[in-house]
Amino acid sequence: MTLAPERTRTTPTTSAPTTPGINSRLSVTSAEPRPQRPEFKKSGRPNPAAHLSAEQIEEIGRELDALRQEVLDSRGAKDAAYIRKVIKTQRYIEMGSRAALLFSGVKVKGVRPMWWLGTAGLSVAKILENMEIGHNVMHGQWDWMRDPKIHSTAWEWDNASPSSQWKHSHNEIHHTFTNVLGRDNDLGYGILRVDEDQKWTLFYLFQPIWHVANALLFEYSIAAYDLELGGYLAKKNRMSDEDKAKFRADAQEVVTKIKRQATKDYLVHPAMAAATFTGSTRHTLTANIVANLVRNVWTNTVIICGHFPPGIETFEKASIEGETRGDWYLRQMLGSGNISGSKAMHVMTGNLSHQIEHHLFPDLPSNRYAEIAPRIRDLMDRNDLKYVSGNLAKQVGGVYWKVVELSLPPKREGTTRRATILRAAKRAVRGKGGAGRRY
């Protein structure tokens, strides 16, 4: 699991750290305070944390440490009962929905009620399994229960991506380097320009299309992303035989997982429906397809609303050198956004509607995020830090606007966007790298 870097400890005779910290990639390299943050980033955009001193940032970190420990110390039977109830409910919904789909071919006054009921129920079950259960279990949020059935090392979710590969790309990489340009591959998943500080290329001109396709096929996109397929294709000619062999082994694991998922949803359950003699085989198949599409679009929607809405900050690679615990916490707060809504909506998002709280404390039980959210907001308000939050429509609209707006090159004096696009297109046609050239 990913945690903030451990606080530096020093010996009486030296100022150098004596422990590497929980997160070695973010361990403090010097006991000296970090310099005051510049008023503007290299891109010219304002730095939202420029008004905070190093001491203030570390004080924020200490307050968050205390809050985290408070929740850890209070975990107990009520929390354990919550996750067990969610798992039990999810399984009952799935079993009931699949039972209904056995009769999905039956018409009543021209309508197939069991198809609609079964499809809706299966969609909800798949969303619950992926979001509130799978995602959070694999973050280690429930490992403290010591229940081998609800443990991050044993859980395999209903998704095309193998849990081991997802935990590496998500828990270890994304949560460590949240919104760091060039380090966090989740920032646009390599196919979207979602921040002005990302350089524009001709490829991004078509990102509204990529975005919709990515949402519909999200589980397969995530599987390819976790596999680092794009990186492999880009540098396979320079890879060692050992690295190629590892990629092939990982790819085989993904193919095996996809086959297992497809067999379950598109062969076994439709075949079971054939035994009812109601002509429901085809309808059960379409129900499974629709449920997977609904789950994919919903999951994608929740994730983009937590990571890409207006107001979210990105960070340069150099800005995390020597990053302290307080700095790491600060980056999580500024690089995440929340979705406001009902308790039911929070559960259906896996409580990732509290994305700020989740990024601060990815290992805390998800049912506790709503409880600590007002305190996080108060902390950020006291330190003049923007707490990005809005209802689902507002956040989705903001992201889709960014996807369209940032598909175009930035406005520059002395030229037009149209001229920049035409220039890039001409270079691409001539084979001079226009599609990948940055502007």
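The values are calculated or read from the model by the stated rules, or taken from the named source; none is laboratory data. Note that this is a predicted model, so its numbers are computed, not measured. Quick reminder, even Gly has a Cβ in these numbers, built from the backbone with ideal geometry, and neighbours come from all protein chains shown.
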Can you tell me which condition residue 318 does not meet? The list is (1) more than 20 Å from the chain's Cα centre (by Cα); (2) at pLDDT 95 or above; (3) more than 26 Å from residue 76 (Cα to Cα), and all the others hold.
(2)
Hits in the range 105-124 - residues which are at pLDDT below 90 and small (Gly, Ala, Ser)
105, 110
Residue by residue through the range 71-90, note down the ones that are touching a residue at least 40 places away in the same chain (Cβ under 8 Å) and among the polar types (S, T, N, Q).
90
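Just to be sure before I move on: is residue 282 in a helix (DSSP H, G or I), basic (Lys, Arg), touching a residue at least 60 places away in the same chain (Cβ under 8 Å) and surrounded by 19 or more Cβ atoms within 10 Å (Cβ to Cβ) in the structure I sent? Working first, answer last.
Working: in a helix (DSSP H, G or I): yes; basic (Lys, Arg): yes; touching a residue at least 60 places away in the same chain (Cβ under 8 Å): yes; surrounded by 19 or more Cβ atoms within 10 Å (Cβ to Cβ): no.
Considered against the rule, which asks whether it is in a helix (DSSP H, G or I), basic (Lys, Arg), touching a residue at least 60 places away in the same chain (Cβ under 8 Å) and surrounded by 19 or more Cβ atoms within 10 Å (Cβ to Cβ), residue 282 comes out as no.
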Could you list all residues from the range 372-402 that are in contact (Cβ under 8 Å) with a residue 24 or more places away in the chain, under 29 Å from residue 142 (Cβ atoms) and part of a helix (DSSP H, G or I)?
372, 373, 375, 376, 379, 380, 392, 395
Pairs, first of a type in the set (S, T, N, Q) in the range 198-215, second surrounded by fewer than 18 Cβ atoms within 10 Å (Cβ to Cβ), C-beta under 6 Å, six or more apart
201/436; 201/438
Number of the exception - residue 146 against (1) in contact (Cβ under 8 Å) with a residue 24 or more places away in the chain; (2) closer than 22 Å to residue 368 by Cα; (3) charged (D, E, K, R)
(1)
Can you tell me how many residues in the range 403-415 are in a helix (DSSP H, G or I) and in contact with a helix residue (DSSP H, G or I) (Cβ under 9 Å, 6 or more places away or on another chain)?
2
Which number in (1) over 30 Å from residue 278 (Cα atoms); (2) surrounded by 14 or more Cβ atoms within 10 Å (Cβ to Cβ); (3) at pLDDT below 90 marks the one condition that residue 36 misses?
(2)
Being more than 22 Å from residue 87 (Cα to Cα) and in contact with a Ser or Thr (Cβ under 8 Å, 6 or more places away or on another chain) is the filter here, so list the residues in the range 348-359 that pass it.
356, 359
